[in-house]
Amino acid sequence: MKVKKCLIAVMLCGVFLLIFGGCGRQRQADPEKIQVGVACYNQSDIFLGELVSCLKQQFEELEHSGVEITVMVRDAAGSQRAQDDQVQELIDMNCNVLCVNLVDRADPSEIIDLARENDVPIIFFNREPVAEDMMQWEKLYYVGAKAQQSGEMQGELAAEAIAKDGQADRNRDGKIQYVVLEGEPGHQDAIIRTESAADTLKSKGVVLEKLGSGIANWDRAQAQNRMQQLIGQYPNQIEMVLANNDAMALGAIDAYEKLNYTEAALPVFFGIDGTQAGLEAVIDGKVAATVYNDKEGQARAIGKLAVAAVTGSGMEELEFENEKYIYLPYQKVTEENVREFLY
């Protein structure tokens, strides 16, 4: 009889081990403790650095609501392989939600597979994955802004500035000769911003002549180098510079300053993002206008979504498009309203 009882006990233990072992990958959400893993493509990107700072501040504010939140940030420094490894590390450190700013927006599959296998929701931000990848799993979300809107606003701001400034068309040929400083080659936001800005200018009746363009990877120093090359090709012909972000607009200005151009000989510069340096350049009159990318609003949305994804409470308070996307609107920034955006 004792042997039979022992056998039954062993069998029951085995059943329990199988049950709990099979559930080993299912993480039990603790509504009182949230561990957030933030994976960034490259924190040397000025706008991204400011956005991550806002995100950290948002999680600190959310802690006051009684939820313990730990935030771990990793920087992939432009390497998708490094980011894949960092996501694995964050999951191994028991992060129960991931905020991912992809290095390569077209290559998220390994990260998605890792998260799905471990039942860890992902909030992609700032760099939007392609729609097909967002459909791979129901716990994938995106928070950001619509690139087309930023390009359209940049074009509208440029058209308004040209209409006000009788000296914009310096050579009086009835056209605005311009160059574009673009972000990464093939990057969706760079392509859309470039095309929609030019299309909007044309729709406003501005006759354009594109002299050239340069890829500067969102970077100020690279933009300075590319701009110096363009100035060498078109020394006194460039009347307008459209930059895909503020850092590159500032790099273009650096190039002209290094070459000792007088203020009267400078083209008009336009950026996008509304970084601290970009806003200050608008105040100083160096950048004619920029388009504000609402990092504070995005940080609030990411923070609330992260808590809701872990606790299962609060999703109904968030405004989604197609149940997965949260977009924050851009805003135009000119010398008239720029101080409203400084902090």
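The values are calculated or read from the model by the stated rules, or taken from the named source; none is laboratory data. Computed from a predicted model, the values in this text were never measured in an experiment. Cβ placement follows ideal geometry from the backbone for every residue including glycine, while neighbour counts extend to all protein chains displayed. What goes into the accessible areas is simple: the full protein's heavy atoms, side chains included, and nothing from ligands, DNA or RNA. Shrake-Rupley method; radii C 1.70, N 1.55, O 1.52, S 1.80 Å.
Residue by residue, here is whether (1) at pLDDT 95 or above; (2) among the small types (Gly, Ala, Ser); (3) within 21 Å of Gln177 (Cβ to Cβ) holds:
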position: Ala221; (1), (2), (3): yes, yes, no
position: Tyr256; (1), (2), (3): yes, no, yes
position: Gly271; (1), (2), (3): yes, yes, yes
position: Gly285; (1), (2), (3): yes, yes, no
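Remark: Ile34 matches the filter, which requires a residue to be touching a Leu at 6+ places or on another chain (Cβ under 9 Å), open to solvent by less than 10 Å² (accessible area, probe 1.4 Å) and of a type outside the set (Asp, Glu).
Listed conditions (1) more than 11 Å from Glu239 (Cβ to Cβ); (2) aliphatic (A, V, I, L, M); (3) in contact with a Lys or Arg (Cβ under 9 Å, 6 or more places away or on another chain); (4) open to solvent by less than 10 Å² (accessible area, probe 1.4 Å) are all met by Val179, apart from (1).
Here Arg220 meets the list (1) basic (Lys, Arg); (2) farther than 22 Å from Tyr41 by Cβ; (3) surrounded by 16 or more Cβ atoms within 10 Å (Cβ to Cβ) almost entirely, failing just condition (2). The set of residues from region 60-111 being in a helix (DSSP H, G or I), open to solvent by less than 50 Å² (accessible area, probe 1.4 Å) and farther than 28 Å from Ile46 by Cβ comprises Ile91, Ser109. If only residues of region 129-148 that are within 18 Å of Gly297 (Cβ to Cβ) and buried (at least 22 other Cβ atoms within 10 Å of the Cβ) are counted, the one that is modelled with the lowest pLDDT is Ala147.
Pairs linking a residue in region 60-76 that is of a type in the set (Ser, Thr, Tyr) to a residue that is open to solvent by less than 50 Å² (accessible area, probe 1.4 Å), with Cβ atoms under 6 Å and 6 or more positions apart or on different chains, are Thr70/Gln35. If you filter region 149-163 down to residues that are open to solvent by 60 Å² or more (accessible area, probe 1.4 Å) and among the charged types (D, E, K, R), you find that the one that is farthest from the chain's Cα centre (by Cα) is Glu160. Answer yes or no as to whether Glu317 is at pLDDT below 95 and closer than 20 Å to Ala147 by Cα. So Glu317 fails the test.
Look at Arg339 and say whether it is at pLDDT 95 or above, among the charged types (D, E, K, R) and over 21 Å from the mean Cα position of the chain (by Cα).
On the way: at pLDDT 95 or above: yes; among the charged types (D, E, K, R): yes; over 21 Å from the mean Cα position of the chain (by Cα): yes.
For Arg339, the condition - at pLDDT 95 or above, among the charged types (D, E, K, R) and over 21 Å from the mean Cα position of the chain (by Cα) - is met.
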